[in-house]
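All remarks here apply to the structure that follows.
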Amino acid sequence: MSRSAHPAGPRHADVLPEGHYAPPAADLNTLDEKVWARTVRRADDGVVSVGGMEVTRLAEEFGTPAYFLDEEDFRARCRAWAHAFGKDADVFYAGKAFLSKAVVRWLKEEGLNLDVCSSGELTVALAAEMPASRIAYHGNNKSVAELTRAVEAGVGRIVLDSFQEIARVAHVARELGVRQPVQIRVTVGVEAHTHEFIATAHEDQKFGIAVADGSAAEAVRRVLGHDSLELLGIHSHIGSQIFDMAGFEVSAKRVVQLLAAVRDEHGVELPEIDLGGGLGIAYTSDDDPREPHEIAKALTEIVARECEAARLRAPRISVEPGRAIVGPTAFTLYEVGTIKPLEGLRTYVSVDGGMSDNIRTALYDAEYSISLVSRRSDAEPMLVRVVGKHCESGDIVVKDAFLPADLAPGDLLAVPATGAYCRSMASNYNHALRPPVVAVRDGQARVIVRRETEEDLLRLDLE
């Protein structure tokens, strides 16, 4: 059976057929607040602003394409997650969604921790002076050099992903004379995608150690057998772009069952569980994400209920939102270049970016919204496909959308909810220059990741 795609990757449910699209909004000038960053507004003259700055001015100053990040929205979302889980839980921002030194400083100031999954992400975190004790280190194939650096830095936890890694970390920690805190990442036979979960046969993946065949229990035995390792608890991550808590309920039940088995075999009650991230955001008006306080309440109640049934003390919970924090806070601004009507089909609108600044549409068949933001238009809606400028037929920014029929070259279009994974997965395909990330707040804008230059390209190109 073939697998179709959804905004986070492969999914196993039915998807809409080719050519299916929602009808146009009653007013194309309306901006759905569920999709856009919190300070985004459209003025009476039709020009959209973020953080008190008009996009026309931002385009003049910083060029296009560019990512514009609503700093106040980002900080507010950090505070909402921290407040929702309180002092008896830990919130780790998933740095893979988007990371920069400025973001690390915001996390520190708003009380969140950070998880990294590469030496490069750790470099950024340490350069921005995130306390190493507030860093978790993920990854399915960490090298000895990477592990040595992490242990030397004093990271607060290393998430173990294999039997080989248990031995590696134990050796590195022993050589350095430290006792390294660790968690064991397990696969619990649950994969959650959007509104569904399937509770069988999902051990077939590169991450984690399977619970079902006893491997996770054996991993616990091995970790407890090393004096150089301190086992904090169990880690489980079940998917991405999740709206439904049902998958978490199954996952938590199986993790707690493992904790009970550890207690019964070793006389040890592990103090923590990490339920991962993957919480969804609104890319379109059809998406309906949960608020942090709803997620915190649901997860806390699930864990408490399962621990009570197993006669365990409730462990400290950790979660790892990345997309759910940064995703909604940014949009990508483009300038329209060419417009090509295809009679009886749709109109192709080409912009000055594309798959080099947002690979997710091509990679995942991801869906996005898009709006004309440099002016107001009361023209009739026309069906468009917004595409990039790359030499690739799959270079699609938004597959099917409605934009005003009087759209013209030079107009500015914006795609909301591009804060997560777009800049992180950006490339130099066709030797494109990766766009800047500009933070906007209280009428001020500043570059936090600068636009690449041709000199940057040539610097790595040795004769």
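Quick note: the coordinates plus some simple rules give every number you see, no bench work behind them. Remember, predicted model here, so these are calculated numbers, not experimental data. Note: ideal-geometry Cβ built from the backbone for every residue, glycine included; neighbour counts use all protein chains shown.
Mean Kyte-Doolittle of at least -0.5 plus a Cα span of 18 Å or more along the axis: flag which DSSP H helices in the chain meet both, please.
Membrane-span-like by this criterion, though nothing is claimed about a membrane: 163-176, 246-266, 292-310.
Based on Cβ point charges of +1 for Lys and Arg and -1 for Asp and Glu, what charge dipole magnitude is obtained for segment 83-131 about its Cα centre, in debye rounded to the nearest 20?
Computed about the Cα centre, the dipole is about 140 debye.
Under 14 Å between alpha carbons, and skipping anything fewer than 8 positions from K34 in its own chain: which aspartates and glutamates qualify?
D73, D286, D287, D288, E291
Once the piece of chain linking V144 and E129 is laid out straight, how much longer is it, given 0.36 nm per residue of separation minus the C-alpha distance between them?
The V144-E129 span can extend by a further 3.1 nm.
Tell me, what is the FRET efficiency for E152 and K206 to the nearest 0.05, using R0 = 30 angstrom and their Cβ-Cβ distance as r?
With R0 = 30 Å, the Cβ-Cβ based efficiency is 0.65.
Run the numbers on segment 113-262 and let me know its relative contact order in percent, using alpha-carbon pairs under 8 Å that are six or more apart.
Relative contact order here is 21 percent.
Once each part is reduced to its C-alpha centroid, what is the distance from segment 417-439 to segment 130-178 in angstrom?
Using only Cα atoms to place each centre, the spacing works out to 30 Å.
Testing the spin-label approximation: label points 7 Å from Cα along Cα→Cβ at L342 and A26. State their distance in nm.
Taking the two extended label points, one gets 3.3 nm.
Determine, from the Cβ-Cβ distance of Y429 and D213 and an R0 of 51 Å, the FRET efficiency 1/(1 + (r/R0)^6), rounded to the nearest 0.05.
0.80
Applying a 10 Å radius around every beta-carbon, put 90-102, 44-56 in order of their mean neighbour count, most first.
The densest-packed peptide leads the list: 90-102, 44-56.
If you filter segment 95-135 for GluC sites (Glu not before Pro), then keep DSSP loop positions with at most 12 other Cβ within 10 Å, what is left?
Passing both the DSSP loop test and the Cβ count: E129.
Pull up the DSSP beta bridges for segment 21-178 and report the antiparallel fraction as a percent, rounded to 5.
35 percent
Using amide H atoms built 1.01 Å from N in the peptide plane, name the residues 5+ places from T187, or on other chains, whose amide H lies under 5 Å from its own.
The answer is I209, A210, V211.
When the helices in the chain are scored as -39500 (n - 2.57) per DSSP H run of 4 or longer and the sum is shared across all residues, what 222 nm value do you end up with, to the nearest 500 deg cm²/dmol?
After summing the helix terms and dividing by the residues of the chain, the value is -8500 deg cm²/dmol.
Can you give me the long-range amide H partners of A136? Hydrogens built in the peptide plane at 1.01 Å from N, cutoff under 5 Å, separation of 5 or more residues or another chain.
It is L114, D115, V116, by chain and number.
Charges only on Cβ, +1 for Lys and Arg, -1 for Asp and Glu: so what's the dipole of the chain about the Cα centre, in debye to the nearest 20?
Value, rounded to 20: 1120 debye.
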